[in-house]
1. How long are the three semi-axes of the equivalent ellipsoid for the chain, computed from the Cα gyration tensor as the root of 5 times each eigenvalue, in whole Å, largest first?
2. Let's see if you can work this out: charge +1 on each Lys and Arg Cβ, -1 on each Asp and Glu Cβ, no other charges. What is the dipole magnitude of the stretch 172-285 about its Cα centre, in debye to the nearest 20?
3. Determine the per residue accessible area of the stretch 54-120 with all protein chains present and a 1.4 angstrom probe, expressed in square angstrom.
4. How big is the dipole moment of the chain about its Cα centre under a simple scheme where the beta carbon of each Lys and Arg is +1, that of each Asp and Glu is -1, and everything else is neutral? Debye, nearest 20, please.
5. Determine the gain in length on full extension of the stretch residue 47-residue 115; use 0.36 nm per residue of separation and subtract their C-alpha separation, reporting nm with one decimal.
6. Which of 220, 247, 31 ends up with the largest GNM mean-square fluctuation for the chain, with Cα atoms connected below 10 Å?
7. If you build a Gaussian network model of the chain, linking Cα atoms that sit under 10 Å apart, which residue out of 227, 40, 251 swings the most?
8. Sticking with the crude label model, points 7 Å out along Cα→Cβ, report the distance from residue 374 to residue 1 in nm, one decimal please.
Amino acid sequence: MKKQFLDLGRQPIANGFLNKNDFANEYFFNLKVGFDDETKLVSLMDFVEPTKMFNDEYVYYSSLSKTMREHFLSAAETFKTKLFPQSVLEIGSNDGVFIENFSPDNTCAVEPCGNFADITNKKGYHTYPQFWNLETAEEIVERHGPQDLIFSANCMCHIQDLNEAFTAVKKTLSFDGCFVFEDPSLLQMITRGSYDQIYDEHAHIFSVLALKNLLNNVGLEIFKVEKLDVHGGSNRIYAKHMDTMKLRGIKPAASVQMSLDAEREYGLHKYETYVKFADRVEKSKNDLLSLLQSLKAENKKIVSYGATSKSTTVFNYCGIDNTLIDYIVDTTADKQNKFSPGVHIPVVAPTEFDNTVDCAFLGAWNYKKEILNKEKRFVERGGVFITHVPAVGTY
Ligand code: TMP
């Protein structure tokens, strides 16, 4: 049974950037997080209806970041040379940043946000504009046959019914096929104190401990775990049919046991660990508010860098609005000239990151390296970045 350990308060749809005339109808829900002692899975206490988040107005383009483009190119090259897939299915293909590294022949994709499914369909990648479930899996097997590589990035953790999602994978995977998926790591979130990984879309934050239980329940086995830097620390999980592993004598790589041991050592199998994390989250909120208020008292102009879903959680949980942060700069055209969800801070183009800015809260802290590289001049002229990960501070 799921037991609550954290309450992040009243929250809006994290990617629901909106116009002024939509303020009155904005949807809010209570963002509470719990731990299931049986499966060891960390999930939201109450899920948000998927069509409220994933629809034709979705605004998050994976390919806008150089870091992510390079990440997916390198992933595709590795899979081509190590797994030799004859057929590839991507679940949650977004704007095609991964699948486009393969030929459209022998590939297919599933993407519930219609505006994004259109992008890859137009480029010749057969993309089903629907959610990943047993029905979609049946349609794919019927039309394209079993798949050698099923890849999914930052999507499995969005799916509320994991038993159905993993069963659907099991039914679609070819006998020797590989299921590879990557999502934010619970261990990284807990050690870094990055509670902003928690928002409506992230129905679950995965530990390897929980994934092993859930995958085993449907007859899949993890054979490798890779640690990734992206999205604030992720795990890439490689799984196969349990039966295939037995028949072929495939043993899980050492990385599987090492990940499980590291998570147990940190206490991810115990409720008490999460209660301690919740205390740390509250301290982070108080520290961030004090820092922003003291900078404001010195008449500093503070903006936020990156209108991320993560910053939606931080701003709404901490009660940070336009009185502390003048505006948010973001490269995504679909977010610009709109207002941030819940606290309604204006979102503007990066050209507004000009000489008048004294301090910038790093909403996109997971792209710190890329941003610091791009904004050397801001730092050189005395500009200060503010972060809350792993602790509240400036640099
Ligand atoms: P994410 O953390 O969910 O990946 O979202 C990153 C957001 O940050 C996305 O809206 C694009 C924005 N961004 C910038 O505005 N400038 C940048 O240099 C980078 C790397 C991201």
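The values are calculated or read from the model by the stated rules, or taken from the named source; none is laboratory data. Note that the structure is a prediction, hence the values are computed from the model and not measured. Glycine gets a Cβ as well: all are built from the backbone with ideal geometry, and neighbour counts include every protein chain shown. Ligands, DNA and RNA are stripped out before the accessible areas are found, and what is left, the full protein with its side chains, is counted by its heavy atoms. Shrake-Rupley method; radii C 1.70, N 1.55, O 1.52, S 1.80 Å.
1. 36, 24, 20
2. Values: 15 positive and 16 negative charges, 70 e Å.
Charge dipole of the stretch 172-285: 340 debye, to the nearest 20.
3. Working: 2760 Å² over 67 residues.
For the stretch 54-120, the per-residue accessible area is 41 Å².
4. 1080 debye
5. On the way: separation 68, 0.36 × 68 = 24.48 nm, distance 2.33 nm.
Residue separation times 0.36 nm, minus the Cα-Cα distance, leaves 22.1 nm.
6. 247
7. Looking only at 227, 40, 251, the biggest GNM fluctuation is shown by 251.
8. With each label placed 7 Å out from Cα toward Cβ, I get 4.8 nm.
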